[in-house]
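Everything below concerns the one structure shown next.
The values are calculated or read from the model by the stated rules, or taken from the named source; none is laboratory data. Please read all numbers here as calculations on a predicted model, not as lab measurements. Cβ: placed from backbone, ideal geometry, glycine included. Neighbour counts: every protein chain shown. Areas reflect the complete protein model, heavy atoms only, side chains present, ligands, DNA and RNA absent. Shrake-Rupley method; radii C 1.70, N 1.55, O 1.52, S 1.80 Å.
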Amino acid sequence: MAEISYPFNAANASTGATNLVSETQWQSMARMWGGDRIDRTLTGQASSAALPFAGRVVNVATVQISPGKAWVGGFFYELTSALSLTVAANTANTPRKDLVVIRADMSKPAVNLAIRKGVNAATPLPPVPVRQTGGIWEMPLYEISLPANGGLPVLSSRGPYNMTEPVAYPWNTVPSAALLPKNTFAYDLDSNGPEEISEYFTYSDKPRITRHLGPTRTYSPGIVNVPTLQQGRANRKGRYRWIAPTTIWFSVRISTPADIKHVDASWYVGISLPVKASAETGQTFHGMIQNTGPLQPASGLPNYVQITGWVPVGRATTTCILLYPNPNRLSSGLDGLSKIPSSSSLVISGVYEAADSPQ
């Protein structure tokens, strides 16, 4: 029969439907329901001793695993009382790494705890778990580091756990996500339009945006320390998106038909960022002024001017100070940008740490 399907209440030889499944067929079907994992949902901090399958080193030849439940290779496994496992001695003069695994062995058939022995080496690697449908399927629980010449083993956790399922909301995502278990992803799949779809993660304190989905957001960047009339003449375009928690990518382009100069009370021209930038360490960005218009000779600036954007240490702010090389003496370093020349365009972009993720 070229086609097989199962399980049904009754078999049908003409269609390939069966009402009985073998162990291998069950494994092929059941392991698609979800990956290997320990039966505990992680929703916050937990001590290692309180987690399922807590492990400890008893002596140089023994490790002990506490009770727990798990899903391994399509089968459910439960350890109802602590179990001691014998670790093969390492008498060599090089270290070794073994793995404590939960092993589904179809030849028995059964699921049991076991140790897969590694290979000695100056810099040993743990053995690769076996995952073979219809044969042996292993899920790692612990890596055992065995020092040379019979030293005391060290256990390191390697077991995967459940996590809360992500959810979606058509609106009111942030206050709704605040009521979810910690460590849950939530998606805003409407937010007043398809261009505002976002992903949030409920941290220990509040839901925080992790990334924007869909098209890049637009904003109108302000030009800092210049008269309002000059700002109005400029063509200002800005784009941004959250790309990770408290992390934003942005790009700005400002074109102007007339000079944009800073006011006498200030020493620089700046731009506004889409959201406040963290000023814990200070941040910098790269940009340039394309000054290739017909009025370039009179501007006193070269055709292409390197621009450095700067958010200094101090207070979180949306202001990005613009600096450029002193046009008269390179040895003078950077000065505050005095103007964006007429018939030129400023372009600046970068990635920065935001002061906080919005709620």
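Name the residues in region 13-23 that are open to solvent by less than 60 Å² (accessible area, probe 1.4 Å) and either among the aliphatic types (A, V, I, L, M) or not in a loop (DSSP other than H, G, I, E, B) (or both), would you? Selection gives 17, 21. Of the residues making up region 120-168, those that are polar (S, T, N, Q) and more than 22 Å from residue 73 (Cβ to Cβ) are 120, 123, 145, 149, 156, 164. The listed residues are 179, 189, 213, and the only one of them that is out of contact with any helix residue (DSSP H, G or I) (no Cβ under 7 Å at 6 or more places or on another chain), surrounded by fewer than 13 Cβ atoms within 10 Å (Cβ to Cβ) and among the aliphatic types (A, V, I, L, M) turns out to be 179.
Look at (1) part of a loop (DSSP other than H, G, I, E, B); (2) free of Cβ contacts under 8 Å to residues at least 60 places away in the same chain; (3) open to solvent by less than 50 Å² (accessible area, probe 1.4 Å); (4) not polar (S, T, N, Q) and you find that residue 99 fails only one, number (1). Considering (1) open to solvent by 70 Å² or more (accessible area, probe 1.4 Å); (2) part of a loop (DSSP other than H, G, I, E, B); (3) in contact (Cβ under 8 Å) with a residue 24 or more places away in the chain; (4) under 28 Å from residue 30 (Cα atoms), the lone condition that residue 128 does not fulfil carries the number (3). Pairs meeting the criteria (first residue in region 154-176 and on the phi > 0 side of the Ramachandran plot, second residue among the small types (Gly, Ala, Ser) and open to solvent by 50 Å² or more (accessible area, probe 1.4 Å), beta carbons under 8 Å, at least 6 apart or on different chains) are lacking. Being outside any loop (DSSP other than H, G, I, E, B), modelled with pLDDT of 95 or more and either over 23 Å from the mean Cα position of the chain (by Cα) or over 30 Å from residue 48 (Cβ atoms) (or both) is a description that applies to residue 238.
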